[in-house]
Amino acid sequence: MRYYKKPTIDYLEGLPAKKQIVSGDEKALVIYDILLSEIPEFKKWLSQFENCHAVMAGEALKSIKTFPEHFSAISDKIPEVSKKALKIVAVGGGSIGDFAGFFASVYKRGVQLVHLPTTWLAAIDSAHGGKNALNSTIAKNQIGTFYFPEQVIICKSILSHLPEDQVLSGFGEIIKMAMIAGDPIWSSLPTKESISVDKLWSIIPDIVDQKYKVVAEDPFEESSIRQILNLGHTIGHVLEKRFDLPHGVAVAQGLHFTLDWSYEKKYLVKLNYDTMKDYLSSYFVCIKEKLSEHLTKEAALKLLLTDKKLDLDKKINFVFLKDIGEPKVEAVNVVNIISKLYQHSWIT
Ligand SMILES: NC(=O)c1ccc[n+]([C@@H]2O[C@H](COP(=O)([O-])OP(=O)(O)OC[C@H]3O[C@@H](n4cnc5c(N)ncnc54)[C@H](O)[C@@H]3O)[C@@H](O)[C@H]2O)c1
Ligand SMILES: [Zn+2]
């Protein structure tokens, strides 16, 4: 039986003590982003754990082709550890979370899982929703499970090492969540000039709570409630795949398209449209002209169909906005999306 319980969420200044993760006879197996070992604080922290598995972040880690090798390497390290005693601790960004979460969900039919997200994107989004996924040889996130961690530990010090482009990518998801949530989250967002680790740190608990509000109503995506979290993602995924953009950056471009279309459909009044467009543009200039030079109708259609595994006559639940804080899910034919992309000069 599938089971949902909201994880415990800890916000810590530094990395957690080992006893905050495992107690008594429990044994941790830490799956971590190898790049983090360049951070002295992390290296020292990691040395307390006997069982660790280093991986390289990125889409290649999520490949179903290499999963069996990782599986053997990890299980060889823990032959004596019982199912009940084992805790998989995923330390890294969204790619590590997806990989380690998937591993935890299938190893011995499921062992305990703790997420320690190290990118803003993972800290506000991917570590929380219980979704794990590997990539098939043709498309992203095609093999997956719903499997919730029991604990998510968010550490400020490790997040402060992130380079600027990764901070920006996380901010794309933060803007998305604020557009879904409305005030007071929307008005708490920082201006580009005032963005800092401290400021981000102060707003993430509210953003995370907002995600759980939606997830708790529909943890296994059985109704359409959770689909509002896909705001900006239908087109975001197309751009992410075609141009290899960081996830949150691609989502931000998808938000531009969503706002334009929502305004055209008269769902959004001009004042709210302008407010959201201006704020989004201050972080993410709309680059549709640049992208359209390299994106044809045919390519966009193919990406859209593979992503959603749809036939041409099928509809996609597209998330529009009616107001700041008021998403509206509407079934739209794939062909309509493509012609709207064309009309708005996103594709040629
Ligand atoms: N499961 C979900 O609900 C969900 C949601 C959104 C995205 N995702 C997945 O997440 C992935 C993208 O997430 P991401 O951007 O966090 O990816 P990532 O894990 O690829 O990390 C991005 C980069 O940041 C580096 N990095 C990580 N932590 C760092 C730190 N503290 N300091 C310096 N560098 C650091 C990594 O080495 C990597 O180069 C995609 O695979 C996407 O499909 C999953
Ligand atoms: Zn996303």
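Of the DSSP beta bridges with both residues in the range 8-159, give the percent that are antiparallel, rounding to the nearest 5.
Percent antiparallel among DSSP bridges in the range 8-159 is about 15.
When you count, for each residue, the other Cβ atoms within 10 Å and take the mean per peptide, how do 149-162, 78-91, 11-24 rank with the highest first?
149-162, 78-91, 11-24
Provide Met56, Met177 in ascending order of the number of other Cβ atoms located within 10 Å of each residue's Cβ, fewest first.
Met56, Met177
Hey, could you get me the Stokes-Einstein D for the range 224-348, Kirkwood radius over alpha-carbon pairs, 25 °C and 0.890 mPa s, rounded to whole µm² s⁻¹?
Working: Rh = 14.5 Å.
Here the translational diffusion coefficient equals 169 µm²/s.
Please arrange Phe102, Phe146 by counting, for each residue, the other beta carbons lying within 10 Å of its beta carbon, fewest first.
So the residues, fewest neighbours to most, are Phe146, Phe102.
Show me, for the range 139-149, the HN-Hα J-couplings you get by feeding each phi into the Karplus relation (A = 6.51, B = -1.76, C = 1.60, θ = phi - 60°), rounded to Hz, glycine and proline as x.
Result, rounded to whole Hz: 8, 6, 6, 8, 10, x, 9, 9, 7, 8, x.
Taking the 0 to 90 degree range and rounding to the nearest ten, how far is the long axis of helix 67-77 tilted relative to the main principal axis of the chain, both from C-alpha atoms?
The two axes meet at around 30 degrees.
About the Cα centre, and with charges only on the beta carbon of Lys, Arg (+1) and Asp, Glu (-1), how big is the dipole of the range 8-159? Nearest 20 debye, please.
So the dipole magnitude of the range 8-159 works out to roughly 300 debye.
If packing is taken as the mean number of other Cβ atoms within 10 Å per residue, what is the order of 127-139, 324-336, highest first?
For the peptides 127-139, 324-336, the packing ranking is 127-139, 324-336.
Is there a quick way to get the dipole size of the chain? I mean about its Cα centre, with the Cβ of Lys and Arg at +1 and of Asp and Glu at -1; what is the value in debye to the nearest 20? Can you show the working numbers first?
Numbers: 42 positive and 42 negative charges, 165 e Å.
Around 800 debye, computed over the chain.
Jot down the radius of gyration and Dmax of the chain, Cα atoms only, both in angstrom.
Final numbers for Rg and Dmax: 20.2, 63 Å.
Could you give the Stokes-Einstein D for the range 201-284 in µm² per second, using the C-alpha Kirkwood radius, 4 °C, 1.567 mPa s?
It comes out at roughly 91 µm²/s.
On average, how much area does the Cα convex hull of the range 1-44 cover when viewed from any direction, in nm²?
Mean projected area for the range 1-44: 5.1 nm², to one decimal.
Classify the range 8-159 as rounded, prolate or oblate, taking a ≥ b ≥ c as the square roots of the eigenvalues of its Cα gyration tensor: rounded when a/c is under 1.5, otherwise prolate if a/b is larger than b/c and oblate if not.
It is rounded, given that a/c, with a ≥ b ≥ c, falls under 1.5.
Would you please classify the overall shape of the range 248-309 from the alpha carbon gyration tensor, given that a ≥ b ≥ c denote the square roots of the eigenvalues, rounded means a/c under 1.5, and beyond that prolate means a/b larger than b/c while oblate covers the rest?
Judged from the Cα gyration tensor, the range 248-309 comes out prolate (a/c at least 1.5, a/b above b/c).
With unit charges on the beta carbon (Lys/Arg positive, Asp/Glu negative), name the residue among Gly58, Ser196, Ser157 whose Cα is farthest towards the positive pole of the charge dipole of the chain.
Gly58
Run the helix sum for the chain: -39,500 (n - 2.57) per DSSP H stretch of 4+ residues, divided by residue count, reported at 222 nm to the nearest 500 deg cm²/dmol.
Only helices count here, giving -13000 deg cm²/dmol.
Need one number: % antiparallel among DSSP beta bridges in the chain, to the nearest 5.
30 percent
Taking a ≥ b ≥ c as the square roots of the Cα gyration tensor eigenvalues, with a/c under 1.5 meaning rounded and otherwise prolate when a/b beats b/c, else oblate, which class fits the range 167-217?
It is prolate, given that a/c is not under 1.5 and a/b is the larger ratio.
Over the Cα atoms of the range 69-126, what radius of gyration and what Dmax do you get, in Å?
11.8, 35
Quick note: the coordinates plus some simple rules give every number you see, no bench work behind them. Everything quoted here is computed from the prediction, not taken from an experiment. Using ideal geometry, Cβ is built from the backbone for each residue, glycine included, and neighbour counts are taken over all protein chains shown.
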